[in-house]
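The structure appears below as structure tokens.
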Amino acid sequence: RSALRQLCLHGEEALKPQFVNDMWRKPAVSKRVAAGLRKQALREGTFGSFDSEKGIGWDPNWDEIGNQSRMYVRKPRLSKSARTREERAVAIEGRMQDMESKIDVYYKEKQESKPVKNTEYKFKRLLRIRK
């Protein structure tokens, strides 16, 4: 990224606006991009020092330059299914408490609903097959 290149070349001066020819030039690295680089350094664990050769990390002294001291990294919101996963697991475990008895009752009801297999049943079945 060009922002990293600017930070490697100019350091904290890349984060400051420059007064050139009686005019102010905006910083080489915008506050939004600087905030992204800072968060990336926090995620990668390189916050606290900046390696200008590799272009990784973030110097904490830079936070005061762009008034980024109020910044913080929020926990990702995640999807609803990921957020409610624990609640659903607890609910499923609660429903599984008496599942064995429910399964037994279901199979008994299913068996009772089947017709009795006597000679009359077999005869009707043979008639259906021949049609």
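Values quoted throughout were computed directly from the atomic coordinates according to the rules given, and no laboratory measurement underlies them. This one's a predicted model, so the numbers in the text were calculated from it and none came from an experiment. Please note: Cβ atoms are built from the backbone with ideal geometry, for glycine as well, and neighbour counts cover all protein chains shown.
General remarks:
- Think of region 6-57 as having a plus end and a minus end, set by charges on the Cβ of Lys, Arg, Asp and Glu; of Ala35, Gly57, Trp24, Ala35 sits farthest toward the positive end of this dipole.
- Considering only Cα atoms, the convex hull volume of region 21-131 works out to 313 Å³ per residue.
- Sparse packing (at most 10 other Cβ atoms within 10 Å of the Cβ) combined with a DSSP loop state is found for the following trypsin sites (Lys or Arg not before Pro) in region 4-54: Lys54.
- In this rough spin-label picture, where each label sits 7 Å from Cα along the Cβ direction, the Lys117-Lys80 distance is 4.8 nm.
- Computed about the Cα centre, the dipole magnitude for the chain is approximately 1640 debye when only Lys and Arg (+1) and Asp and Glu (-1) carry charge, each at its Cβ.
- Over the chain, Cα pairs under 8 Å with separation of 6+ residues give a relative contact order of 15 percent.
- Here the dipole of region 1-70 is about 420 debye; that uses its Cα centre as origin and unit charges on the Cβ of Lys and Arg (positive) and Asp and Glu (negative).
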